[in-house]
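Peer 1: Encoded as structure tokens, here's the structure I'll be asking about.
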Amino acid sequence: MDKHSIVPDVIKKLPKTVLKVTYNSGATVDQGNELTPTQVKDEPKVEWEADPNKFYLLCKTDPDAPSRKEPKFREWQHWLVGNIPGSDVSKGEVLSEFVGAAPPKGSGLHRYVFLVYEQPSKLKFDEPRLKKTSGKNRGSTSIQKLASKYKLGDPVAANLYQAQWDDYCPILYKQLKG
């Protein structure tokens, strides 16, 4: 993950643990491999070694919006789930519903970064709740600022893939205008 400049573009320090991220399409996230938006359109299964007595926050973010050369909307939030008991994402509090990858046509490869933070306790989040049918409040966000706000420290696990435009992107753009 070092070679993809996640540090300093997204976080200050890489965690030692790699998240296991798998999609129903059979695609697996592998530290910067290239996947297509079609392969990653549905919410994945995310696994990490977690303490069952602790709570975690999971994030998926794109630091390359609208492009890596001109990231004026860095970061674009694709998914945010807090208060996850252990590693059971399905029991967490969804702050931002999952949105697949949809880099603009001609913008090149985008990095899609998954991060997990250990929370100090169960938290009361005051973030706006974002639906998968809306792109509002997703751009120009920072997982570093959110982690600082809730005193989460550095991430405990991470992984990323890269993707560029494919024929699924216009379908997702239409969904986000809902």
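Each reported figure results from applying straightforward, stated rules to the coordinates on display, with no laboratory input. Values in this document were obtained by computation on a predicted structure and should not be read as measured data. Using ideal geometry, Cβ is built from the backbone for each residue, glycine included, and neighbour counts are taken over all protein chains shown.
Peer 1: What net charge is computed for the residues neighbouring residue 138, neighbours being all others with C-beta under 10 Å from the C-beta of residue 138, Lys and Arg scored +1, Asp and Glu -1?
Peer 2: -1
Peer 1: Further, regarding this structure: At a threshold of 8 angstrom on Cα-Cα distance, excluding pairs fewer than six apart, so keeping six or more, what relative contact order does the chain reach in percent?
Peer 2: Computed value for the chain: 29 percent relative contact order.
Peer 1: Moving on to the next point. State the Cα centre-to-centre distance between the range 150-170 and the range 21-95 in whole Å.
Peer 2: Cα centroid of the range 150-170 versus Cα centroid of the range 21-95: 5 Å apart.
Peer 1: Given q = 0.17, 0.21 Å⁻¹, what are the Debye log10 I(q)/I(0) values for the range 1-95, with equal point scatterers placed on the Cα positions and solvent ignored?
Peer 2: Calculated log10 I(q)/I(0) at the listed q: -0.90, -1.34.
Peer 1: Follow-up. Take every DSSP beta bridge whose two residues both sit in the range 2-175, then give the antiparallel share in percent to the nearest 5.
Peer 2: 85
Peer 1: For the chain, go through all pairs of different Cα atoms, get the mean of 1/r, take its inverse, and jot down that Kirkwood value in Å.
Peer 2: About 16.1 Å, per the Kirkwood formula over Cα pairs.
Peer 1: Peptides 80-89, 109-118: what's the order by average Cβ count within 10 Å, highest mean first?
Peer 2: Put in order of decreasing packing, that is 109-118, 80-89.
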